[in-house]
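Reviewing the structure listed below.
The values are calculated or read from the model by the stated rules, or taken from the named source; none is laboratory data. These numbers come from a predicted model, not from an experiment. Neighbour counts run over all protein chains shown; Cβ positions are idealised from the backbone, glycine included. Accessible surface is based on the protein model in full, side chains and every heavy atom, while ligands, DNA and RNA are left aside. Shrake-Rupley method; radii C 1.70, N 1.55, O 1.52, S 1.80 Å.
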Amino acid sequence: MWFGVVTLFPEIFTALQSGITGRAIEEKLIHIACFNPRDYTQNKYRNVDDRPYGGGPGMIMMTQPLRDAIHTAKESAPASPAVIYLSPQGKMFNQKTAEEWITKKNIVFVAGRYEGIDERILQTEIDEEWSIGNYVLSGGEFAALVMIDAMTRLLPDALGHKDSAAKDSLSSGLLKYPQYTRPEVLEGLAVPDVLLSGNHAAIERWRLKQSLGKTWLKRPDLLQEKKLTKDELNLLMEFVEEQKNGKCNSSN
Ligand code: ADE
């Protein structure tokens, strides 16, 4: 995938050079190109902010350098990109969005700073406005980082283990089952027996039951969006029964 990012702070995107995204860059699964409006300024002081018409506090991103940076980003994309503005006023990004967007191949993210961007740039340059949550960040950069990371791990070959992404929390609309590593007993808490049994079918079933149960306990809203099969419903009922009987760390 090709990501263009229009940002006054390109150094923030060096964070993507670590871990899974770093390997994806090295292996050319993703390419990230930053376009800094400051490089497109035509004024002596390289200003990138401007006063809002009508007065009021704060500054707006200066239109000319921002437009020029967006135009260059669009022209640099290997094919016509989707242009996305990051803002708390946008639609809410989630796992499903990430899954849909990896089919887009080329995306330009426009990260606003100050009090935002001129409304006419939104109208003429931006295809969609997206948010990562109901809070206000200092700029769109961290939202773009989040989105790029969430998409990258879904790309075929991005994760070492072939089906790890399919087993991620939320990929099936459920939370991930509890996981354990050594030691077998930690602070008096034992790893559930089934995980030591070597019985793969039983382990899969236990994990599905735990995923259903964990989702029911922590994120019941997700279950409302998901249609459970009869088998899943039975497993969830078993989980609920076990909870009532106090078998919280059940191994069956
Ligand atoms: N810019 C500022 N706050 C934001 C948010 N919550 N999501 C996306 N972009 C933002």
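Structure summary
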| read-out | value |
| --- | --- |
| Rounded Å value of the spacing that divides the Cα centres of the stretch 169-216 and the stretch 17-80 | 44 Å |
| Heavy-atom accessible area per residue - the chain, 1.4 Å, Å² | 59 Å² |
| Amide H partners (placed H, <5 Å) of Leu170, local residues excluded | Leu175, Lys176 |
| Filter on Lys176/Lys230; Lys176/Lys226; Lys28/Lys176; Lys91/Lys230; Lys105/Lys176; Lys74/Lys167 - keep pairs with C-alpha separation over 24 Å | Lys28/Lys176; Lys91/Lys230; Lys105/Lys176; Lys74/Lys167 |
| Derived scalar couplings ³J(HN,Hα) [the stretch 75-83; Karplus, 6.51 cos²θ - 1.76 cosθ + 1.60; whole Hz; x for Gly, Pro] | 5, 7, 5, x, 8, 3, x, 7, 10 |
| Long-range amide H partners of Val83 with built H, under 5 Å | Val108, Asp127, Glu128 |
| Three-way shape label, the stretch 42-111, alpha-carbon gyration tensor, a/c 1.5 | oblate |
| Longest exposed-site-free window of the chain, the sites being chymotrypsin sites (Phe, Trp or Tyr not before Pro) in a DSSP loop that have at most 15 other C-beta atoms within 10 Å | 54-134 |
| Loop GluC sites (Glu not before Pro), the stretch 46-147 (other Cβ atoms within 10 Å of the site Cβ: 15 or fewer; DSSP) | Glu115 |
| Gained length - Gln179 relative to Phe142, 0.36 nm times residue gap less alpha-carbon distance | 10.5 nm |
| Backbone HN-Hα couplings from phi across the stretch 203-210 [Karplus 6.51/-1.76/1.60, Hz, Gly and Pro as x] | 5, 4, 5, 4, 5, 5, 4, 5 |
| Where only C-alpha atoms are counted, convex hull volume of the chain per residue in Å³ | 183 Å³ |
| Helix-only [θ]222 nm of the chain, DSSP H runs n ≥ 4, -39500 (n - 2.57) each, per residue, nearest 500 | -10500 deg cm²/dmol |
| In sequence order, calculated HN-Hα J values of the stretch 38-45 (Karplus, 6.51, -1.76, 1.60; Hz; x Gly/Pro) | 4, 6, 10, 5, 10, 9, 4, 8 |
| Amide hydrogen neighbours beyond the local backbone of Ile30, cut-off 5 Å, H modeled | Ile25 |
